[in-house]
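Please read the structure below before turning to the comments.
The values are calculated or read from the model by the stated rules, or taken from the named source; none is laboratory data. Quick caveat, the model's predicted, so the values are computed rather than measured. Quick reminder, even Gly has a Cβ in these numbers, built from the backbone with ideal geometry, and neighbours come from all protein chains shown. Calculation scope for accessible area: heavy atoms of the full protein, side chains included, ligands and nucleic acids excluded. Shrake-Rupley method; radii C 1.70, N 1.55, O 1.52, S 1.80 Å.
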Amino acid sequence: MDSKTIVTELIRKKLSASRASIRYWIPGTLLLGLILCGGSYFRYTQTGMQPVGWVVGVGIALLIIPLALLGVAFRSRNDKQLLELVNTPERVVWIYQHILRMNGVPQESMMIGDDAGKLYQLPVKRRNGEDPLMDALVDVFPDAVLGFSYELKKLFGKNPQQFRQAVQQHNDRR
């Protein structure tokens, strides 16, 4: 499988996951939350008995979860733009690996910066310690600057259109 296909398929998988979230998870959890909260309220008003605390808590949580899922779904619009960047590789200026530790568990992703100043995130799924994504990204976006440093972050934040030239000038001064 060639590099462009690897990157494109990964982006398409991410887009389909957000579509499934919008179609199934958001309405399902919202409905279940309304049923639990509404049922507790109905029980309270009809019988005068105090609602069961955990039922109300779960109901409220199931009303909040869809909002978070909706936020994730809106971020997937960026993934559509990233899919377009695969066909215009000259617009990608920066690629670096990002590792976020949640409760001690590392979550790896590749960050891709374009000349408009947007950063896109692609999750890394390692199998047997290897992930072909980095090599594929380097092949698909050969002109992009690789790696992370706070200096690069500052240069990218100042002027993403001139990022490559600024990095080159910075390296020439050394």
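Observations on the model:
- Residues in the range 89-115 that are small (Gly, Ala, Ser) and either modelled with pLDDT of 90 or more or surrounded by 10 or more Cβ atoms within 10 Å (Cβ to Cβ) (or both): 109, 113.
- Summed over the range 136-165, the residues that are open to solvent by 80 Å² or more (accessible area, probe 1.4 Å) and out of contact with any Ser or Thr (no Cβ under 6 Å at 6 or more places or on another chain) give a count of 12.
- Qualifying residue in the range 103-124 (condition: within 19 Å of residue 4 (Cβ to Cβ) and in a loop (DSSP other than H, G, I, E, B)): yes
- Criterion applied to 70, 15 was being touching a helix residue (DSSP H, G or I) at 6+ places or on another chain (Cβ under 9 Å), open to solvent by less than 60 Å² (accessible area, probe 1.4 Å) and modelled with pLDDT under 75, and the one residue passing it is 15.
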